[in-house]
Amino acid sequence: MNDQAKEKTIYSFELFPPKTPEGMEKLAVNIRRLNTVAPSYFSVTYGAGGSTRDRTFETVSLLRDLGINVAPHLSCIGSSRVEIQDILHQYQKAGIERIVALRGDLPSGMGATTSGELGYANELVSFIREETGKAFHIEVAAYPEVHPQAPSARKDLENFKRKVDAGADSAITQYFYNADAYFAFVEDCERLGVRIPIVPGVMPITNFSKLARFSDACGAEIPRWVRKRLENYGDDIDGIRDFGHQLVLNLCRRLIEGGAPGIHFYTMNQAAPTLRLWQDLGLPGTESIRP
Ligand code: FAD
């Protein structure tokens, strides 16, 4: 890829809202470190049913105060139309121009009665367009390895298209470690006439047990050989990090060389693993990274 193409590519960093004031202070330090490479934007997750509402707002404000482009996530499950309307208007007032629109997953223990008025992300996208017209660039989620609750890959693809037809501008994928799944998904989308950019989500590997737990919950596959190699490192944290770095670096290289329109890094609120990847990929701004 030439330098001009790299400039147009979207590189974004995802954060989650910390639970404590100390966590927020630590995050502020990592945001400053991550921002030295000037990503296209930072996104901030939102707990389904509004469970992180205030903390998401606080994290979004922190980023805005630093003059950083921010895309808040907004999930509809467990929320009413009025609640969502209120959040959209607050974001509009704050000058936010990009939103990641999701269904979300209800935390266990919240029953069907709390599932809210919008059942799927395509309904949320339609609602955002009805309420705010073209005020927001809308990102939606995509699943190259198929959403865990989807009845089939075909149905999941059709459901993804519903979000695009409802007005989504681009998509971010669930993370995966098999580049072929991403390229096959993009090809399937093209065959269905879906033309929006589908940015691969990439999860750096730093901790095997956390990654395994996460992946089991969200349906992301860790290839058997990778699982086995990671298990072998036991408590050798540096070994896991170096192996994980090389694996994810090779994945990013394949994605970029294969024409992916950018990369969305699931930073897990840490700066070092993402910046190490950024540096070894030679992305713009690498020279600003301090050791
Ligand atoms: P949908 O697109 O609504 O799909 C959910 C399931 O329903 C799929 O199986 C789909 O095939 C099916 N489906 C979709 N539409 C229909 C329809 N009209 N009729 C019948 N079936 C349908 N979760 C959070 O709680 N907060 C976050 O901040 C958050 N951020 C995320 C960011 C990214 C990039 C990704 C990939 C996921 C994120 N998630 C987040 C997780 C996400 O909420 C879950 O994966 C959730 O289970 C599905 O959300 P969705 O928006 O993809 O749902």
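The values are calculated or read from the model by the stated rules, or taken from the named source; none is laboratory data. Quick caveat: nothing in here was measured; it's all calculated off a predicted structure. Counting neighbours? That spans all protein chains shown, and the Cβs are built from the backbone with ideal geometry, glycine included. Quick note on the areas: whole protein, heavy atoms, side chains included, nothing else; ligands and nucleic acids left out. Shrake-Rupley method; radii C 1.70, N 1.55, O 1.52, S 1.80 Å.
Descriptive notes on the structure:
- Normalised contact order of the stretch 2-280, rounded percent, pairs of Cα under 8 Å and 6 or more residues apart: 19
- Extension gain, residue 86 to residue 242: 0.36 nm times the residue separation minus the Cα-Cα distance gives 51.7 nm.
- Extending 7 Å from Cα along the Cβ direction at residue 279 and again at residue 97 yields two label points whose distance is 3.2 nm.
- Residue range of the chain that is longest and free of trypsin sites (Lys or Arg not before Pro) which are both DSSP loop and sparsely packed (at most 15 other C-beta within 10 Å): 20-133
- For the chain: rounded, prolate or oblate by the Cα gyration tensor [a/c cutoff 1.5]: rounded
- Cα shape, the stretch 122-215, gyration tensor, a/c 1.5 rule: prolate
- Normalised per residue, the accessible area of the chain is 49 Å², obtained with a 1.4 Å probe and no contribution from ligands, DNA or RNA.
- Apportionment of accessible area to carbon and sulfur, the stretch 2-280, percent (1.4 Å): 47
- Lysine pair count for the stretch 2-280 (Cα-Cα distance under 22 Å; residues 8 or more apart in sequence or on different chains): 8.
- The length gained by stretching the chain between residue 69 and residue 218 to full extension, at 0.36 nm per residue less their Cα-Cα distance, is 50.9 nm.
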